[in-house]
Amino acid sequence: MIMIRSCLMMVFLGLGWSVFSQQDPVLMRIGGKDVLRSEFEYNYNRDKASLAPKDAAPEKYAERFVNFKLKVAAAEAAGLDTALAFRERVEGYRSRLIKSYLTDTVVTEKAARRLYDKMKSGHRAGQVRVSHIFKYLPQNVSGAALRDAVARMDSIYEYLQRNPDSEAFDSCVERFSDEKQAFRVSWLQMPVEFEDVVFGLSAGEMSQPFFTPQGIHIVKVLERLEMPSFESVKEELMARRAHRHGVDSGAEAQVEKLKKEYRYTPDKTGVDELINTGRTNRTLFTLAGKNYTGHDFARFAAAYPAGVRRQLDAFIMKTVLDYENTRLEQKHPDLRCLVRDYGNRLLADKITEQEIRKRAATDEAGLQAYFEKHRSDYQWKEPRYKGIVLHGVSKRIAKQARKFLKSLPEAEWKDAIRLTFNAGAQPQIFAEQGLFAPGDNAYVDDLVFKGKDAAPMVSFPFTAVLGEKVKGPDDYREVKDRLVADYQNYLDNQWTARLRASAKVEINQEVLKTVNNH
């Protein structure tokens, strides 16, 4: 009822502060625009569960809500609400909402459940998380390039058969693959050639080289994952089934209900003439007291090639759903409120992206200045190790690598390892470089922090370290993720203060006391 009253009173918002004191009073005025109690309550009740206890009172939330509305107003002033992309997203959201009103969800869910059960019983149930050594091959690849790619993959595969440990496979992915990141595969996500292989492998198992339309692969299954719950994939399955069968059975069921509600009455004479001759000027049916004739049908049929009977069924269905669409806001006033709130959130997010997030991500001078001013905030509670961990195939190689890197800048260490020790077919060094806190790396814990002994790597059993313990970052880029977040908050606070200073905000404290209490 809260959202319903909000929507029904929207058209009267400019009529004054106290007109609706008995039903839906104006709670606040922001920059000259009234906000009804119901709109505030809708936002407050939606967000309340995520608020910290100290911020959960309506009086506290009111400040946050005002800031949100000011950002929406700033986005509208910048014309973001008139952008085509924005209007298309809002319309798309409304279309998705409308579908739920125009569909019998019980019928649709039953059909989706049957599809889910069929998938679950097959060998492609669930997901697999995979890593692969992948070489992209264009459609016009030359014969020589194809032979070279096949030979290289065969060589890698033979090496991996001799070295079946995970470190060897990961190293080959890093060195040779056009795609480095592991990923999950679900049914119907990848080409059938890829699915046929990966769904046939067990966790930890590696494939032979094989082709797909994209290129050549060697795949390793990292883990097999249980099929997600029906609830988490329900929407996707309903959409997939409707696409496959052309008509949503839930929509058909809803149309049958609406026919009764709007007194759908077919005219047998007109329908028989249409079916027998392919055309008619007579009335075909009546819906909500309005006649729909052969002329109406002819306009629809011109854009819907099919047999006459199928055309007529589709015309009736579309007519019923179109009429219901015109009445949705009247029957379900919360629809307008949901669409309005979705648009407001899009606008606030877009203006924040422009004013805050893009600037914070690219303002290197600002980030450095903020870091220098707040350097003490980024000191660590315990020292960290900044350096590199070298795993060698022999003790001599590990010592050589450590000695060699000592004479080079840290930024060149990884390239130096790659070009000097790993240039051949068999890598000599596996390197891990970065900033390590206690617990991040077992070998750093063992050799630097004097923790538990770490078991040697199978293929690279000799380990050395090069670096130093540090108490805090020397450069803002070492803590950039956290710094960017802090800098965003700083910029947002400044921007919000400017918005508050530029707009008059009035809050009716007496009405605020009645929130959720009327």
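The values are calculated or read from the model by the stated rules, or taken from the named source; none is laboratory data. These numbers were taken from a predicted model, which means no experiment stands behind them. Cβ atoms come from the backbone with ideal geometry, glycine included; neighbour counts cover every protein chain shown. Side chains are part of the model used for accessible areas, which takes the heavy atoms of the whole protein and leaves out ligands, DNA and RNA. Shrake-Rupley method; radii C 1.70, N 1.55, O 1.52, S 1.80 Å.
What the table shows:
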| quantity | calculated |
| --- | --- |
| Where Leu102 falls short, out of the listed (1) at pLDDT 90 or above; (2) open to solvent by less than 50 Å² (accessible area, probe 1.4 Å); (3) among the aliphatic types (A, V, I, L, M) | (1) |
| Options Tyr378, Tyr385: the member that is of a type in the set (Ser, Thr, Tyr), touching a Pro at 6+ places or on another chain (Cβ under 7 Å) and either open to solvent by 20 Å² or more (accessible area, probe 1.4 Å) or over 30 Å from Val66 (Cβ atoms) (or both) | Tyr378 |
| Subset of the stretch 147-167 [assigned to a helix (DSSP H, G or I), surrounded by 12 or more Cβ atoms within 10 Å (Cβ to Cβ) and in contact with a strand residue (DSSP E or B) (Cβ under 9 Å, 6 or more places away or on another chain)] | Ala149, Val150, Arg152, Met153, Ile156, Tyr157, Leu160, Ser166, Glu167 |
| Tabulated pairs, the stretch 311-327, first on the phi < 0 side of the Ramachandran plot and of a type in the set (S, T, N, Q), second in a helix (DSSP H, G or I) and open to solvent by 70 Å² or more (accessible area, probe 1.4 Å), C-beta under 9 angstrom, 6+ apart or interchain | none |
| Candidates Glu355, Glu329, filtered to the one that is assigned to a helix (DSSP H, G or I) and within 30 Å of Tyr487 (Cβ to Cβ) | Glu355 |
| Residue count for the stretch 34-54, restricted to those that are surrounded by fewer than 14 Cβ atoms within 10 Å (Cβ to Cβ) and either under 20 Å from Glu506 (Cα atoms) or of a type in the set (Lys, Arg) (or both) | 2 |
| Subset of the stretch 179-204 (residues that are of a type outside the set (Phe, Trp, Tyr), modelled with pLDDT under 80, part of a loop (DSSP other than H, G, I, E, B) and open to solvent by 60 Å² or more (accessible area, probe 1.4 Å)) | Leu188, Gln189, Met190 |
| Entirely in the stretch 430-518, the helices (runs of 4 or more DSSP H) that have 3 or more residues that are open to solvent by less than 40 Å² (accessible area, probe 1.4 Å) | 442-447, 480-502 |
| Matching residues, the stretch 265-291, being touching a helix residue (DSSP H, G or I) at 6+ places or on another chain (Cβ under 7 Å), open to solvent by 30 Å² or more (accessible area, probe 1.4 Å) and part of a strand (DSSP E or B) | Thr283 |
| Failed item in (1) more than 23 Å from the chain's Cα centre (by Cα); (2) surrounded by 14 or more Cβ atoms within 10 Å (Cβ to Cβ); (3) farther than 30 Å from Ser177 by Cβ; (4) at pLDDT 90 or above, with Lys135 passing the rest | (3) |
| Residue match in the stretch 470-477 (condition: modelled with pLDDT of 95 or more and aliphatic (A, V, I, L, M)) | no |
| Long-range neighbours under 8 Å by Cβ, at least six apart or interchain, first residue open to solvent by 90 Å² or more (accessible area, probe 1.4 Å) within the stretch 402-420, second among the aliphatic types (A, V, I, L, M) and at pLDDT below 95 | Lys414/Ala431 |
| All positions within the stretch 301-316 that are open to solvent by 40 Å² or more (accessible area, probe 1.4 Å) and part of a helix (DSSP H, G or I) | Val308, Arg309, Arg310, Asp313 |
| Within the stretch 205-217, tally of residues that are of a type in the set (S, T, N, Q) and open to solvent by 40 Å² or more (accessible area, probe 1.4 Å) | 2 |
| Failed condition for Gly439, given (1) on the phi > 0 side of the Ramachandran plot; (2) in contact (Cβ under 8 Å) with a residue 12 or more places away in the chain | (2) |
| Residue identified as at pLDDT below 90, under 36 Å from the mean Cα position of the chain (by Cα) and open to solvent by less than 30 Å² (accessible area, probe 1.4 Å) among Leu338, Leu321, Leu237 | Leu237 |
